[in-house]
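For reference, the structure discussed in these notes is given below.
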2 protein chains.
Amino acid sequence: MQVPDLFVSAPGKAILHGEHAVVHGKVALAVSLNLRTYLSLKGTTAGSVCINLPNIDTFLSWDLCELKRLIPYSCGKTEEVKRLDAELVRKLREFVGVTNGNLDTCNMATLAFLYIYLSVFGSGELPSLTVTVWSELPTGAGLGSSAAYSVCLSAALLCANGTIPAALKEWEPAARWCQEDLELINSWAFQGEMIIHGNPSGVDNAVGTWGGMLRFLAGKIIPLSRVPLLRILLTNTKVPRSTKVLVARVKDKINKFPSIMNPVLDSVDAISCNCEKVLSEMTCEPITGEHYNILEELIDINQHHLNVMGVGHTSLDTLCRVTLTKGLHSKLTGAGGGGCGITLLRPETESSVVQTTVKDLKDCGFDCWETSIGGPGVQQHSAASVKEEVLEILKRTGRGGQQECVASLEPLD
Amino acid sequence: MQVPDLFVSAPGKAILHGEHAVVHGKVALAVSLNLRTYLSLKGTTAGSVCINLPNIDTFLSWDLCELKRLIPYSCGKTEEVKRLDAELVRKLREFVGVTNGNLDTCNMATLAFLYIYLSVFGSGELPSLTVTVWSELPTGAGLGSSAAYSVCLSAALLCANGTIPAALKEWEPAARWCQEDLELINSWAFQGEMIIHGNPSGVDNAVGTWGGMLRFLAGKIIPLSRVPLLRILLTNTKVPRSTKVLVARVKDKINKFPSIMNPVLDSVDAISCNCEKVLSEMTCEPITGEHYNILEELIDINQHHLNVMGVGHTSLDTLCRVTLTKGLHSKLTGAGGGGCGITLLRPETESSVVQTTVKDLKDCGFDCWETSIGGPGVQQHSAASVKEEVLEILKRTGRGGQQECVASLEPLD
C-alpha cells in the first residue's frame, strides 16, 4: 500500500486567562499559539516505518513485519474512537522496551505514534512510510507541544489512510478540514495525549485541532466562533517547575484562607468573561485602542491574582517589569512558578520596540519568540507553503531512518 | 492665671489593611504608629501666647489682650463639644490673615491651635503660655500628623485648664488618661481635624487618642481591646500623590469592571478580618512563627490587591522587592500611588538585617524609620521620660516666641 506524501501543521496552546482557577470550577480561555509543529509524511517502498523527531534526537525505524505482529485483534473502524486500547498500549510498551518507569519524551512520542499508526492502519495493509515531525515549540513548557504532535499525527495518518479526505485542493497553499473531520482528528489526538499524559484535560488537543480560542469550564470545551489574531511575545523563563506542586499550592492557600481566596477565583472568572466579550467585540466592530487598553488591564489584574495564588516567580516579575518599561503588559501562562509568560503587542507596536524588548528579555536569560495567538488549528500545507527553514529541517531528516543529528530547536528571532 | 508645665505625646497612624476598600463599605484596620508628636506646654508670665512648630519653621506669639477680643460670645463648657463654631473659625481666619485660599500647613496649625485654646479657656481667664510641638512624623504623608498634633493640643490644653486631671502621678515616667477623659480629648482633637481637613473621617484622631488598633467600618470606629506591638519599618517613598485622584481612580475601575473588582474588595475585607483575628490570637496565646507567616501572607495578598485597584507605584514595587530580598514583606499604607509603605519585622529579625534593609531603602532615595505599630495613644510624660533628643528640640525652641530656626525633621536611623 502506497500512501500519498503530505505536510500538516498544528499550533501550540497558551492559557490566556483562568489557569489554576479552572481547577476550581472557573472558566479558562485557551488560545492557539502560532508556534507550530510541522509533520511531513512520505510514502516509501522500503517496507519499513520510520519516525524522525529531530527536536529530541529521535530517529527510529521498524520493519513492517515486526509491526504486523502488534496489530490488535479487535481493530475497529477508525471512525469510531473508543477508549484507549489498554492491551495494545501494554504490547507497545513491551515492544518499545518501556515496562515501568523510563517514560521519557522519546518513549512517549514513539508509543503515541505507533499506537495511532497501528490503530488507524491495523484493519488493512500496513503502509511503508516515513514521518518527520519538527516543532517550533519548546517541550515541557506547558505550551501543548505533545498535543500539537498528536494532532499532526492523527491528521496525517487519518488522511494517508483515506479515513478523512485531503483538505488541500491542488492550487491552495494551506487548507483546513471540515468540522466532522476535525472531530475525528481531535478524538485520535486525544488518544495520543492519553498515552503521553495519562489523564489529559483534552484542552490542548482541542486547541491544536480547532485553533482560535476555547472556553473551558467544568470539563466542557467550547470552541469560540470568532476571535481576532493577537500579536504577542512568548517568553520562556526556563525556570523549571512542577504543575502538580503548583496546583497543590493553590489548593492549600484556598483551604487556608477561603474567605480571601474564593473572591479572587471569582474575580479571575470575571476576567475570562470580560476578555471573551472584548475579543468577540473586536471581531464585529472596528478595533480601537480602548479594546487593547482593556486587554492590557485584564492581563495586569490576572497577573496580580496569580501572584496572590502563590504561583508567581521572580523571573515572571522580571518579565513583567522589563516589558512594562516598553509599555507592554505581560502575565504568566499555564502553571506559573517560572515557565512561560505572554506579552501583548498592539498592532501599532513598532518592530524596533519588539526587537529591543526581545533583546532585553534574552539578556535576562530567557528564550523569546514573536508570534501570535488565535490563529488557525491543524492545517494541511502544500510543500511550497511551508516556511523554508522548516521544510529544510523536515527534508534533511526525512529521507530515511536514523540520520544525522539535527541541532535541537533554537528560538527564532 | 498660671498653668502647670506639661509634656504630652500622641502617635501617628498607619492603615494596616483596608485602605480604599473602606471607601466602598469594607472594613479597614487603622493602627497607631510609634512615630510620635511631642508637645511641651509651659506657663509663662509674659502675658502672651506663643506657639512654636520647629518642623515647619513656625514661631508665633500674640499678646493676651489681642486674643481676648476673639473670645466667642457663647463660649460653652469645654465638657460639651459641639459642632465647630463657624463664627469663631471665621474670626480666626481673619485674625490670622487667611481669607480664602492660602491654607498652608502653618496657617492650618495656627488656626487649630487658637481655636482649641480660645474654646477651652474662653469662659475664664486666658493664661499666658508657650506651646512647642515637634513631631517625628513627616507631614502630608498620610500618617496622621495633623491628628497627632490636634490630639496633643487637646490633651495639653484641657489638662492645663483643669477640665481633665493630670494623668501623671508624681513617680511615673508616662501615663494615660481614663476613658472618659480620652473621649473628651478625642472630641476636641476632632474639632482641630475639622479645621485642618474640612471633613475628616475621625479615624486619625481616634488612633492618636486610643492608640493600638481600630476597626473602621461604614463610618463607625471601634477601638480593639488588645493588640500586640509589632516591629515595623516605615518607608516614605517621597513620591507625591493626591489621595483624591487615587480614590477616584479606584472608583472608576470598580465602575468599569464591577464583576472583577467587587470580589477584590470582598477579598480585602476578608484580609482585614483575618488579620484582626490573628492579632487578637497573638494577645491571648503564645506568639509563634505561624502567626507571623499569616501576617506576612496577608500583607503580600493585600499589596497585590492594591495594585489591582490601580494605586500601586513603581517606587512601592521597589520597596517590596528590596525588602523581600531580606525575607521581609511590605505593603503600601494609606492612599498609595507612592507615599508610604510598611514592612513587617519579626521579633527575631536581627538588627543587622534591619540596618542593611534601611540602608538599601535609603539608597533608593526613600526615608526609612524603624518603629512599631499598636503602641499607646496619647500620653502624659515626665520631663525625664521624654527622649533626650526630643527634649532638646522642645527646650531649644520652647523658651519664648520666635527663636532660632531649627533644622526640620530628619528621619531617625
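For segment A:180-199, the criterion of being in a loop (DSSP other than H, G, I, E, B), at pLDDT 95 or above and either touching a Phe, Trp or Tyr at 6+ places or on another chain (Cβ under 6 Å) or surrounded by fewer than 17 Cβ atoms within 10 Å (Cβ to Cβ) (or both) is satisfied by no residue at all.
Using the structure shown, decide if A:Val31 is under 30 Å from A:Leu233 (Cβ atoms) and open to solvent by 20 Å² or more (accessible area, probe 1.4 Å). If you could, list the steps in order and put the result at the bottom.
Working: under 30 Å from A:Leu233 (Cβ atoms): yes; open to solvent by 20 Å² or more (accessible area, probe 1.4 Å): no.
The answer is no for A:Val31.
Among the numbered criteria (1) more than 14 Å from chain A (Cβ to nearest Cβ); (2) under 24 Å from B:Gly144 (Cβ atoms); (3) at pLDDT 95 or above, which one does B:Leu391 miss? Unmet condition: (3).
In this structure, is B:Arg321 open to solvent by 20 Å² or more (accessible area, probe 1.4 Å), among the basic types (Lys, Arg) and within 25 Å of the chain's Cα centre (by Cα)? Give the derivation first.
On the way: open to solvent by 20 Å² or more (accessible area, probe 1.4 Å): yes; among the basic types (Lys, Arg): yes; within 25 Å of the chain's Cα centre (by Cα): no.
Taking the combined requirement at face value, the residue does not satisfy it.
Checking the structure you have, find out if any residue of segment B:283-291 is in contact with a strand residue (DSSP E or B) (Cβ under 7 Å, 6 or more places away or on another chain), of a type outside the set (Ser, Thr, Tyr) and more than 11 Å from chain A (Cβ to nearest Cβ). Within segment B:283-291, none of the residues are in contact with a strand residue (DSSP E or B) (Cβ under 7 Å, 6 or more places away or on another chain), of a type outside the set (Ser, Thr, Tyr) and more than 11 Å from chain A (Cβ to nearest Cβ).
Within segment B:324-363, if we keep just the residues that are open to solvent by 40 Å² or more (accessible area, probe 1.4 Å) and closer than 15 Å to B:Lys238 by Cα, the residue that is farthest from the other protein chains (Cβ to nearest Cβ) turns out to be B:Lys362.
Only one of the listed residues (B:Leu295, B:Leu306) is among the hydrophobic types (A, V, I, L, M, F, W, C), more than 11 Å from every other protein chain (Cβ to nearest Cβ) and touching a residue at least 12 places away in the same chain (Cβ under 8 Å). That residue is B:Leu295.
Of the numbered criteria (1) of a type outside the set (A, V, I, L, M); (2) under 27 Å from A:Arg346 (Cβ atoms); (3) more than 14 Å from chain B (Cβ to nearest Cβ), the one A:Cys273 fails is (3).
Report the residue count in segment A:270-281 for those that are surrounded by 13 or more Cβ atoms within 10 Å (Cβ to Cβ), of a type outside the set (Asp, Glu) and without any contact (Cβ under 8 Å) to a residue 24 or more places away in the chain.
Residues flagged as surrounded by 13 or more Cβ atoms within 10 Å (Cβ to Cβ), of a type outside the set (Asp, Glu) and without any contact (Cβ under 8 Å) to a residue 24 or more places away in the chain within segment A:270-281 amount to 2.
Here is the figure for segment A:39-66: residues that are touching a Cys at 6+ places or on another chain (Cβ under 6 Å) and open to solvent by 30 Å² or more (accessible area, probe 1.4 Å) total 3. In the condition set (1) within 21 Å of the chain's Cα centre (by Cα); (2) in a helix (DSSP H, G or I); (3) away from chain B (no Cβ under 12 Å), A:Ser225 is compliant with all but (2).
Name the one entry in B:Ala30, B:Ala21 that is closer than 30 Å to B:Ile254 by Cα, touching an Asp or Glu at 6+ places or on another chain (Cβ under 7 Å) and at pLDDT 95 or above. Spell out the reasoning first.
On the way: B:Ala30 fails: touching an Asp or Glu at 6+ places or on another chain (Cβ under 7 Å).
From the options B:Ala30, B:Ala21, the qualifying one is B:Ala21.
Of all the residues in segment B:282-298, those that are out of contact with any helix residue (DSSP H, G or I) (no Cβ under 7 Å at 6 or more places or on another chain) and either open to solvent by less than 60 Å² (accessible area, probe 1.4 Å) or not hydroxyl-bearing (Ser, Thr, Tyr) (or both) number 11.
Within segment A:200-224, no residue satisfies the criterion of being open to solvent by 60 Å² or more (accessible area, probe 1.4 Å) and farther than 23 Å from A:Val268 by Cβ.
Quick one: in segment B:235-246, of everything that is surrounded by fewer than 17 Cβ atoms within 10 Å (Cβ to Cβ) and part of a helix (DSSP H, G or I), which residue is nearest to the other protein chains (Cβ to nearest Cβ)?
Going through segment B:235-246, the residues surrounded by fewer than 17 Cβ atoms within 10 Å (Cβ to Cβ) turn out to be B:238-240, B:242-245.
Retained after the next criterion (residues that are part of a helix (DSSP H, G or I)): B:243-245.
Working: B:Thr243: 22, B:Lys244: 22, B:Val245: 18 Å.
Ranking the candidates gives B:Val245 first.
Taking each residue of segment B:138-151 that is aromatic (Phe, Trp, Tyr) and looking for partners that are assigned to a helix (DSSP H, G or I) with beta-carbon atoms closer than 9 Å, six or more apart or interchain, yields B:Tyr149/B:Ala109; B:Tyr149/B:Ala112; B:Tyr149/B:Phe113; B:Tyr149/B:Ala189; B:Tyr149/B:Gly192; B:Tyr149/B:Ile196; B:Tyr149/B:Gly208.
Check segment A:251-269 and report whether any residue there is in contact with a strand residue (DSSP E or B) (Cβ under 6 Å, 6 or more places away or on another chain), touching a residue at least 40 places away in the same chain (Cβ under 8 Å) and buried (at least 16 other Cβ atoms within 10 Å of the Cβ).
First, pick out the residues of segment A:251-269 that are in contact with a strand residue (DSSP E or B) (Cβ under 6 Å, 6 or more places away or on another chain): none.
Checked against the condition, which is being in contact with a strand residue (DSSP E or B) (Cβ under 6 Å, 6 or more places away or on another chain), touching a residue at least 40 places away in the same chain (Cβ under 8 Å) and buried (at least 16 other Cβ atoms within 10 Å of the Cβ), segment A:251-269 yields no hits at all.
For the condition among the aliphatic types (A, V, I, L, M), touching a strand residue (DSSP E or B) at 6+ places or on another chain (Cβ under 7 Å), assigned to a loop (DSSP other than H, G, I, E, B) and open to solvent by 10 Å² or more (accessible area, probe 1.4 Å), what is the one hit in B:Leu143, B:Leu103, B:Leu137, B:Leu168? It would help to see each step written out before you state the result.
Values: B:Leu143 fails: open to solvent by 10 Å² or more (accessible area, probe 1.4 Å); B:Leu103 fails: touching a strand residue (DSSP E or B) at 6+ places or on another chain (Cβ under 7 Å); B:Leu137 fails: open to solvent by 10 Å² or more (accessible area, probe 1.4 Å).
Of the residues listed, the single one that is among the aliphatic types (A, V, I, L, M), touching a strand residue (DSSP E or B) at 6+ places or on another chain (Cβ under 7 Å), assigned to a loop (DSSP other than H, G, I, E, B) and open to solvent by 10 Å² or more (accessible area, probe 1.4 Å) is B:Leu168.
Only one entry of B:Arg36, B:Arg83, B:Arg90, B:Arg69 meets the criterion of being crowded, with 18+ Cβ neighbours inside 10 Å and either modelled with pLDDT under 95 or within 22 Å of the chain's Cα centre (by Cα) (or both), and that entry is B:Arg36.
The values are calculated or read from the model by the stated rules, or taken from the named source; none is laboratory data. These numbers come from a predicted model, not from an experiment. Every residue, glycine as well, gets a Cβ built from its backbone with ideal geometry; the counts of neighbours run over all protein chains shown. Heavy atoms of the whole protein, side chains included, go into the accessibility calculation; ligands, DNA and RNA do not. Shrake-Rupley method; radii C 1.70, N 1.55, O 1.52, S 1.80 Å.
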